[in-house]
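The structure under discussion appears below in the form of structure tokens.
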Amino acid sequence: MHSILPEPVRRLAAWCVVALLVAGVAAVGVWLVVELKTAVTPVLLALLGTALLGPLHRRLVRVKVNRSVAAGLTCVAVVVVIGGATFIVVHALIDTGDQIVTSLRHAAQDLARRFGAAGTSLDDVAKNSKELLGRFGGTAASGVISGLSVVGEVIAASVLALLLMFFFLRDSHKAAGLLRSLAPRSTGDAVEAMGRRAFEAVEGFMRGTTLIALIDAVCITVGLLILRVPGAVGLGALVFVAAYIPYLGAFISGAVAVLVALADRGFVIALWALGVVLAVQLLEGHVLQPLIQSRMVQMHPAVVMLAITVGASVAGILGMLLSVPLTAAAFGVIGELRTRYSDGARPGEGSRPGEGSGSGAADA
């Protein structure tokens, strides 16, 4: 066999076998996650919440607050912030929904007068949009009514995620020891290091995204207030929430803001609102992203979009929210493996537990 196949071909065959094995394990893992999504989803949401709110919990612990009390206060803060943001967004969109449809019809009629058949088609779409939305809403409502168990599952998953986040925060200082106890003795250091790197990547993504989302929301809210666009605060909250879906979320929230401006303030103000949204997105892409997220695992935009697409196909909106931080965690593990098993390092070398880890990973 050695005389038949040259060395490059044997290496290629070996790598193909490894790739097939990895792909098979990944496929089985994805299948298990989909099959057990009722249990897996709260765990993933709790881990993301722990990564985001870990600094607040650690700060409370440093000022001598009991770990359980600190975790409880952190969870209460989550409920207040998420509930308030959801109420503001929904209230603002309900108040301006009819205005958006009306403004679209007026804009389409203007286009019909200027561009003829193309504008007439747009006018027909706008004229029927409310009816289509009503039919879609009726279908969705009947589906919800016929399947109230879905609502119960959502509530149960949210409560379970909140409870898990409480325990993850309270017992975060025991995570490293737990990883080492689960791993074989000879691989304890490597497993702990990979766990730290994965959590650091998720923590970096959550912190960076939250800070960028807050800056985007404040800038767009100020711009809309200056332009006297109704529901500016609610639109700002929508920008903040949608920012956790990279690229696509910014597009959707920006489009809603422009449509609301068009509905109430007319075409010129809508153009100004579009300018505000584009300016904020340029600020995010060229200043905030490189500056704030420079320490997290860097991912090419194509990788991010592919992760969002896969997440959406597997688990819908929830998959879109979870796909990017999970991809960041995978990149963190790959980076640790490359560091430990590169050509210049032996398997026992590389970053030791605690080295290069921030305070967030130290308690993970």
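The values are calculated or read from the model by the stated rules, or taken from the named source; none is laboratory data. None of the values given here were measured: they were computed from a predicted structure. In this analysis, Cβ positions are derived from the backbone assuming ideal geometry, glycine residues included, and neighbour counts consider all displayed protein chains. The area values use the complete protein model at the heavy-atom level, side chains included, leaving out ligands, DNA and RNA. Shrake-Rupley method; radii C 1.70, N 1.55, O 1.52, S 1.80 Å.
Please state the shape class of region 146-222: rounded when a/c is under 1.5, otherwise prolate if a/b exceeds b/c and oblate if not, all from the C-alpha gyration tensor.
Because a/c hits 1.5 or more and a/b fails to exceed b/c, region 146-222 counts as oblate.
For labels at THR309 and TYR341 in the simple 7 Å Cα→Cβ model, what's the distance in nm?
2.9 nm
Rolling a 1.4 Å sphere over the protein heavy atoms, what is the accessible area per residue of region 153-193, to the nearest Å²?
62 Å²
Just to check I understand the Karplus step: with θ = phi - 60° and J = 6.51 cos²θ - 1.76 cosθ + 1.60, what whole-Hz values come out for region 27-38, glycine and proline as x?
5, 5, x, 5, 4, 5, 4, 5, 5, 10, 4, 4
Roll a 1.4 Å probe over the protein chains and send me the accessible area per residue for region 200-328 in Å².
Per-residue value: 48 Å².
Does a label point 7 Å from the Cα of THR210, set along Cα-to-beta-carbon, have any residues of region 28-63 with amide nitrogen under 11 Å, and which are they?
Of the residues in region 28-63, 48-58 have backbone N under 11 Å from the label point off THR210.
Which FRET efficiency value, to the nearest 0.05, is calculated for VAL90 and VAL63 with the Förster distance at 45 angstrom and r the Cβ-Cβ distance?
Computed FRET efficiency for VAL90 and VAL63 comes out at 0.80.
I'd like the carbon and sulfur percentage of the solvent accessible area for region 214-291, probe radius 1.4 Å, heavy atoms only, ligands and nucleic acids excluded.
Carbon and sulfur atoms account for 81 percent of the accessible area of region 214-291.
Hey, got a sec? Which trypsin sites (Lys or Arg not before Pro) in region 1-94 land in a DSSP loop and have at most 11 other Cβ atoms within 10 Å?
LYS64
Over its Cα atoms, what ratio of radius of gyration to 2.2 N^0.38 Å does region 209-339 give?
For region 209-339, the normalised Cα radius of gyration comes out at 1.16.
So what J values fall out for region 8-19 if you push phi through Karplus, 6.51 cos²θ - 1.76 cosθ + 1.60 with θ = phi - 60°, rounded to Hz, Gly and Pro as x?
Residue by residue, region 8-19 yields x, 5, 5, 5, 4, 5, 4, 5, 5, 4, 4, 4 Hz.
Output the peptides 232-241, 13-22, 303-312 sorted from most to least packed, where packing is the average of other Cβ atoms within 10 Å over each peptide's residues.
Listed from highest to lowest mean packing, they are 232-241, 303-312, 13-22.
Rounded, prolate or oblate: which one fits region 186-253, using the alpha carbon gyration tensor with axes a ≥ b ≥ c (rounded when a/c is under 1.5, else prolate when a/b beats b/c, else oblate)?
Here region 186-253 falls in the prolate category.
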